[in-house]
Amino acid sequence: MRLDRFLANKSIGTRKTCKQIINKMRVKVNGVVTTKNDMNITSSDIIEVDDKVIENDPYLTILLNKPSGYICSTKDEGYISVMKLIPKMYHKTLRIVGRLDVDTSGLLLLTDNGILNARLNLPKYHIPKKYLVRVNHLLKEELVEIFKVGNIDIGRGEKVTTALLKIIDPYNCEITIFEGKYHEIKRLFGKYHYDVISLKRIEYDFLQLDVEEGKYRKLTKEEYNRLLEDVKLNSGEYQ
Ligand code: URA
């Protein structure tokens, strides 16, 4: 990440004022004054402004337990934004990873790593996402095989490659999907004439929903690095 952008992300100023601060020789990288706005900063660099160290927290990734009724948007758009559930100081840097529908609850990630965010959403990395689903009528056992075989046309020229279904009881099941298309689960069940009554994401890759509803926690460095590995990014690389 460029130095001026790093400082702006840390709310030192706007991009323009950060450039001015750098030009005025107020910034040190690893103990050395620099005037290079575009200097590449990685997680191992020590950044100081006016001799004060700026927290270089490269793994700011948050796991939030989204309640139903909150919208995955940075602004309130008819519903309250999920951003209202996390402190203001993170709003400038964190971006929501993918989307959960307003009426879907559960595990939502937010990260300041743009490349990680983009890659987590790419179907080619096959990141598993597990949901608890309640449907409106009896679940048929044959769906397990149909979903596993996959290649299911869910309309608008889109297909679900494969999905793992575990029936818990006649109306409740767990499903793991690997892509993350718009309304994927609702459209998949809809194809077989089911309405999804409730939907909750309980796992994202190796991460479990381990915070209370409406609460969040930061990922540990180990968890963050594991996510990077799963989308083939080097540790310390961030955008
Ligand atoms: N599939 C859906 O239909 N909705 C979600 O929120 C997530 C997956």
With (1) away from the ligand (no atom under 16 Å from the Cβ); (2) crowded, with 18+ Cβ neighbours inside 10 Å; (3) among the β-branched types (V, I, T) as the list, and V97 as the residue in question, which single condition is left unmet?
(1)
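Conditions (1) of a type in the set (S, T, Y); (2) under 21 Å from I115 (Cα atoms), marked per residue:
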| site | (1), (2) |
| --- | --- |
| I22 | no, no |
| R26 | no, no |
| T35 | yes, no |
| S43 | yes, yes |
| I46 | no, no |
| V53 | no, no |
Please go through region 52-77 and give me each residue that is of a type outside the set (S, T, N, Q) and modelled with pLDDT under 95, ordered by number.
K52, V53, I54, E55, D57, P58, Y59, L60, K75, D76, E77
Here, strands (runs of 3 or more DSSP E) confined to region 57-150 with at least 2 residues that are of a type in the set (D, E, K, R), in contact with a Lys or Arg (Cβ under 9 Å, 6 or more places away or on another chain) and under 16 Å from H183 (Cα atoms) are 129-135
When region 91-107 is examined, which residues are found to be modelled with pLDDT under 95 and in contact with a strand residue (DSSP E or B) (Cβ under 7 Å, 6 or more places away or on another chain)?
L94, R95
For region 73-103, enumerate the residues that are closer than 22 Å to D205 by Cβ and touching a residue at least 24 places away in the same chain (Cβ under 8 Å).
V82, L85, I86, Y90, T93, L94, I96, V97, G98, R99, L100, D101
Just checking, how many residues over region 151-164 are touching a residue at least 12 places away in the same chain (Cβ under 8 Å) and over 15 Å from G190 (Cα atoms)?
3
Within region 145-166, how many residues are buried (at least 16 other Cβ atoms within 10 Å of the Cβ) and within 14 Å of V133 (Cα to Cα)?
2
Count, please, the residues in region 174-189 that happen to be more than 9 Å from the ligand (Cβ to nearest atom) and not β-branched (V, I, T).
3
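Quick check on V29: is it more than 16 Å from the ligand (Cβ to nearest atom) and in contact with a helix residue (DSSP H, G or I) (Cβ under 9 Å, 6 or more places away or on another chain)?
Working: more than 16 Å from the ligand (Cβ to nearest atom): yes; in contact with a helix residue (DSSP H, G or I) (Cβ under 9 Å, 6 or more places away or on another chain): yes.
Yes, satisfied.
Test of understanding: among N151, N121, which residue is under 27 Å from V231 (Cα atoms) and either aromatic (F, W, Y) or in contact with a Gly (Cβ under 7 Å, 6 or more places away or on another chain) (or both)? I'd like the intermediate steps shown before the answer.
Numbers: N151 fails: either aromatic (F, W, Y) or in contact with a Gly (Cβ under 7 Å, 6 or more places away or on another chain) (or both).
The conditions single out N121.
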D195 fails exactly one of (1) charged (D, E, K, R); (2) under 16 Å from the mean Cα position of the chain (by Cα); (3) not assigned by TED's automatic domain parsing to the domain that holds A118, namely (2)
Pick from region 100-120 the residues that are within 16 Å of the ligand (Cβ to nearest atom) and of a type in the set (S, T, N, Q): which of them is surrounded by the most Cβ atoms within 10 Å (Cβ to Cβ)?
S105
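The values are calculated or read from the model by the stated rules, or taken from the named source; none is laboratory data. Bear in mind that the values here come from a model prediction, so they are computed numbers and not experimental data. Cβ: placed from backbone, ideal geometry, glycine included. Neighbour counts: every protein chain shown.
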